[in-house]
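The values are calculated or read from the model by the stated rules, or taken from the named source; none is laboratory data. Fair warning: this is a prediction, and the values are worked out from it, not measured in the lab. Cβ sites come from the backbone with ideal geometry, for glycine too, and all protein chains shown count toward neighbours.
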Amino acid sequence: MDDLGFILGSYVVTFGSISLYVASVVRRSRRAGRDVPREQRPWT
Amino acid sequence: MTTTSERNVTGTSFTRGLGIVTLLGIVLLVVLGLFVSPADVNQGESVRIMYAHVPGAWLAYLAFVVTGISSAAYLWKRTRSLTWDRIAGASAEVGVLFMGISLVTGSLWGRITWGTYWTWDARLTTTAFLFVTYVGYLAVRGLGGSHHQRARRSAVLALLAVLEIPLVHFSVRLWNTLHQEASVAGRGTDVTMDGLMLFSLFLGVIVFTLMYVWLVLHRQRALALQDMVEDSGLDAALAARRAEAVV
Amino acid sequence: MSGTRRAFASVRATARLIAVKDLRIERRGRVLTNQVLPFALIVMVMFAFALDSDAVLERVAPGLVWLATLFSTLFVIARSFAVESSDGALDQLRTSGAPSAGIFLGKALALMVQLLVLVVVLVAAAVVLYRADISWQGGVLLVTTALAATCGLAAVGTLYGGLSAGAKGRETLLPLLVLPVVAPVLIGATRATESAFGTNGIAVGEGWPWLGLLVVFAVLFSVTGAIAFGSLLDE
Amino acid sequence: MAHDLPVELSDAVAVLGAFPVLAGANLTVQRGEIVLLRGPNGAGKTTLLRLCAGLIELERGRGRVLGHDLSTDRWAVRHRVGLLGHANGLYPDLTVTENVAFWGRTVGASDAEIAAALKRMALDGRLAEVQVSRLSAGQRRRTALAALVARRAELWLLDEPHAGLDAAGRDELDEVLRQAARAGATIMVASHELERAGTLATRQVEVVAGQVRDLGATS
């Protein structure tokens, strides 16, 4: 069926790009986290 | 201090729990949306896109509302705190992400049901303008300056965006109703929801809300970390400059 | 002589002072007449090349007039703030104690006058190049439309121009910020002008609701701009 | 307000980007003083003046200018100071008179005061109706100084005011500053013209690596 690619594609786009975003947030926070000691983080 | 191996920087037990629930929800949503829920009478299988598209679009709008409210909270003297600014920024970023995704999934859905990727429907056009506006907002956030400069500038901009949205929406709608007879509705695209479909959509909204909260929490904390890194960089630079004066 | 005896110029006096100053600079520098207007006219001619059909041109003439206005507006805004930032005048304005609402209104007023000149020339070009024609009633609608639309454009332009005036490298941000916001002006002014031109047999009467939209837009952004300009200009 | 010191900085830090240009500056200035800021390039003289003008944020430390707290109320300082930076703040398409009149009027100066300011810097003659774009660097500096005179500021902040001026212009400038100080204004001048500025100043301070060292009064 022709539509199948579109339907699967939209799920892939949705969760794929969110995963990429999560990865970038985690990467950035790890890099920043190296220079901030744990006790200075208000949420810990 | 240099715990380079540290993996979980912005997480707490709450966000970890939230993350697990969200992941389970996503799995359930995909299974329900793609396999279990029935095809629509009119739309056929393509209705499955709805479970990813509609919640994403709604949450994007919600994210921009949150950005507006936190910007106002920053500007109001009694609640002024950089946390509000970071929530506004994080929320706008997640909103742009969700809205970008919805524009793509929406056009895929449109291609199947309307036979076209894009239509100049009022809601769609407003959404596109909203997307560009918040891309601009994020660009302004990246302009630099001190934390409070950034916060003030972007908060004013966010409130201007709140003013802009109804104007754009209203003008596009007026334009649309007067000049576009062939509307999207009435071309066999109506969805007749049965119980399971409604439940899947409902689940989608919940899953996207959880995802939104998780993302904003983490992003907001990552922004806080970046601000702290800049501050501690200042400490080091300050010490270096003071040492310069002694010589 | 001790203490302050500095008189605060009122918002109106400041606005007048700034508007007169900006227009005088334009009269001497002739950036609008010697650079922006020719650009806008070339764009109009290029549209004709690209669309290549009298019938189509006649139909889209109102849209082209306002599209050319919009693009030219970006240049006029950039010029308006380049004048302030090139020799540090911005710092002097910041330390002058002149009310920022006055600075906003003054700069917006000067911008509006320049945009009006631009629109007049472009409408004339549309009449000549695209064979648009205007009835007597259409003329009234067109004039009010031009006033409301340029007022809205000037308000938005000044607001975001102030934001991008501060530092280098921000000029490229201006179109990204301004264009989505002024979409209602483009839509409203184009439809109103269509009625004024009688494009596609649209009656003049159909243009008035669009004029309403333009007026709402102009008023909203003028007021908001006067309030918000200070915090965008004052770094 | 009469007892407020014109400038009180303690441990003031100001940054450009991530760089601390001022790294803990301490400075107190009394009313009527003419303070010369000396020091090498990049020491932070310009930033110190801009901080006092309320144009940049006080990142850390405490600072009061003319009684206003710099960390919370720096905008209130602005209209009470007169700043002459490296840039002249002039509109090249306007004439000398138009420029001075414009800046005078933004602070509510009368026509007579504007005319007096022009006369004070000897700009009321042939140059009065000349466009600033046709002036030499020194003549532009003169025009900027006339605009400054027309502002009647309480705290004058001058960054290299002598630069570009000829001998006569320098004498006129010094006389203007002395007169303003006698009338109760406070003046801070950053300059490399140590000999000339040294005779003008009542006190000298040295700015080094973002900190201020008092060199004492000059006789």
Residues in the range C:180-235 that are surrounded by fewer than 24 Cβ atoms within 10 Å (Cβ to Cβ), among the small types (Gly, Ala, Ser) and touching a Phe, Trp or Tyr at 6+ places or on another chain (Cβ under 7 Å): how many?
-> 2
Looking only at the range A:23-32, and only at residues there that are more than 7 Å from chain B (Cβ to nearest Cβ) and of a type outside the set (Ser, Thr, Tyr), the one that is surrounded by the most Cβ atoms within 10 Å (Cβ to Cβ) = A:26
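Condition check ((1) in a helix (DSSP H, G or I); (2) modelled with pLDDT of 95 or more; (3) polar (S, T, N, Q)) across all residues:
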position	(1), (2), (3)
C:5	no, no, no
C:8	no, no, no
C:13	yes, no, no
C:18	yes, yes, no
C:43	yes, no, no
C:48	yes, no, no
C:56	yes, no, no
Counting only residues that are of a type outside the set (D, E, K, R) and in contact with an Asp or Glu (Cβ under 7 Å, 6 or more places away or on another chain), which one in the range B:198-235 is modelled with the lowest pLDDT?
-> B:232
So which residues in the range D:55-88 are within 13 Å of chain C (Cβ to nearest Cβ) and over 14 Å from residue D:156 (Cβ atoms)?
-> D:55, D:56, D:57, D:67, D:68, D:73, D:74, D:75, D:76, D:86, D:87, D:88
Expected output for the range B:151-177 (first residue more than 7 Å from chain C (Cβ to nearest Cβ) and surrounded by 22 or more Cβ atoms within 10 Å (Cβ to Cβ), partner of a type in the set (Lys, Arg) and not in a helix (DSSP H, G or I), Cβ below 9 Å, 6+ apart or cross-chain) is B:151/B:80
Please enumerate the residues belonging to the range C:99-119 that are polar (S, T, N, Q) and either within 13 Å of chain D (Cβ to nearest Cβ) or assigned to a loop (DSSP other than H, G, I, E, B) (or both).
-> C:100
Restricted to the range B:39-51 and to residues being at pLDDT 85 or above and out of contact with any helix residue (DSSP H, G or I) (no Cβ under 6 Å at 6 or more places or on another chain), the residue nearest to residue A:12 (Cα to Cα) is B:50
Candidates C:174, C:163, C:186, filtered to the one that is under 22 Å from residue B:170 (Cα atoms) and either among the aliphatic types (A, V, I, L, M) or modelled with pLDDT under 90 (or both) = C:186
For the range C:85-118 the number of residues that are under 28 Å from residue C:40 (Cα atoms) and of a type in the set (Gly, Ala, Ser) is 5
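Listed here are the residues, each with its yes/no results for (1) surrounded by 14 or more Cβ atoms within 10 Å (Cβ to Cβ); (2) at pLDDT 90 or above; (3) within 29 Å of residue B:126 (Cβ to Cβ); (4) away from chain A (no Cβ under 13 Å).
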| site | (1), (2), (3), (4) |
| --- | --- |
| B:2 | no, no, no, no |
| B:5 | no, no, no, no |
| B:9 | yes, no, no, no |
| B:22 | yes, yes, yes, no |
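A quick yes/no check of all residues on (1) surrounded by fewer than 20 Cβ atoms within 10 Å (Cβ to Cβ); (2) among the aliphatic types (A, V, I, L, M); (3) in contact (Cβ under 8 Å) with a residue 12 or more places away in the chain:
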position	(1), (2), (3)
D:34	no, yes, yes
D:38	no, no, yes
D:47	no, no, yes
D:61	yes, no, yes
D:70	no, yes, yes
D:73	yes, no, no
In the range D:2-18, is there at least one residue being buried (at least 22 other Cβ atoms within 10 Å of the Cβ), part of a helix (DSSP H, G or I) and modelled with pLDDT of 90 or more?
-> no
Being in contact with a helix residue (DSSP H, G or I) (Cβ under 6 Å, 6 or more places away or on another chain), on the phi > 0 side of the Ramachandran plot and not in a strand (DSSP E or B) narrows D:42, D:32 down to just D:32
Apart from one, (1) part of a helix (DSSP H, G or I); (2) more than 23 Å from residue B:161 (Cβ to Cβ); (3) within 14 Å of chain D (Cβ to nearest Cβ) all hold for residue C:96; the odd one out is (1)
Mind listing whichever residues of the range D:108-137 are surrounded by fewer than 15 Cβ atoms within 10 Å (Cβ to Cβ) and either in contact with a helix residue (DSSP H, G or I) (Cβ under 7 Å, 6 or more places away or on another chain) or not in a loop (DSSP other than H, G, I, E, B) (or both)?
-> D:111, D:112, D:119, D:122, D:126, D:129, D:133, D:134, D:137
Any residue at all in the range B:75-97 that is in contact (Cβ under 8 Å) with a residue 12 or more places away in the chain, aromatic (Phe, Trp, Tyr) and within 12 Å of another protein chain (Cβ to nearest Cβ)?
-> no
Out of D:173, D:177, D:194, report the one residue that is surrounded by fewer than 21 Cβ atoms within 10 Å (Cβ to Cβ), at pLDDT below 95 and not small (Gly, Ala, Ser).
-> D:194
Which numbered condition trips up residue B:49, out of (1) β-branched (Val, Ile, Thr); (2) touching a Phe, Trp or Tyr at 6+ places or on another chain (Cβ under 6 Å); (3) surrounded by fewer than 22 Cβ atoms within 10 Å (Cβ to Cβ)?
-> (3)
Taking the range B:25-35 as the search range and keeping residues that are more than 9 Å from every other protein chain (Cβ to nearest Cβ) and farther than 11 Å from residue B:211 by Cα, which one is nearest to the chain's Cα centre (by Cα)?
-> B:29
Does residue D:99 satisfy the criteria of being facing chain C (nearest Cβ under 8 Å), under 19 Å from residue D:176 (Cβ atoms) and not in a strand (DSSP E or B)?
-> no
Note: among B:48, B:16, just one is more than 9 Å from chain A (Cβ to nearest Cβ) and either of a type in the set (Lys, Arg) or touching a residue at least 40 places away in the same chain (Cβ under 8 Å) (or both), namely B:16
Qualifying position, being farther than 19 Å from residue C:69 by Cα and under 16 Å from the mean Cα position of the chain (by Cα), among C:19, C:55, C:40 | C:19
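Yes/no per residue for (1) touching a strand residue (DSSP E or B) at 6+ places or on another chain (Cβ under 6 Å); (2) under 19 Å from residue B:37 (Cβ atoms); (3) more than 8 Å from chain B (Cβ to nearest Cβ); (4) among the basic types (Lys, Arg):
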position	(1), (2), (3), (4)
A:4	no, yes, no, no
A:16	no, no, yes, no
A:34	no, no, no, yes
A:40	no, no, no, no
A:43	no, no, no, no
Would you mind stating whether residue A:12 is of a type outside the set (Phe, Trp, Tyr), crowded, with 16+ Cβ neighbours inside 10 Å, more than 7 Å from chain B (Cβ to nearest Cβ) and in a helix (DSSP H, G or I)?
-> no
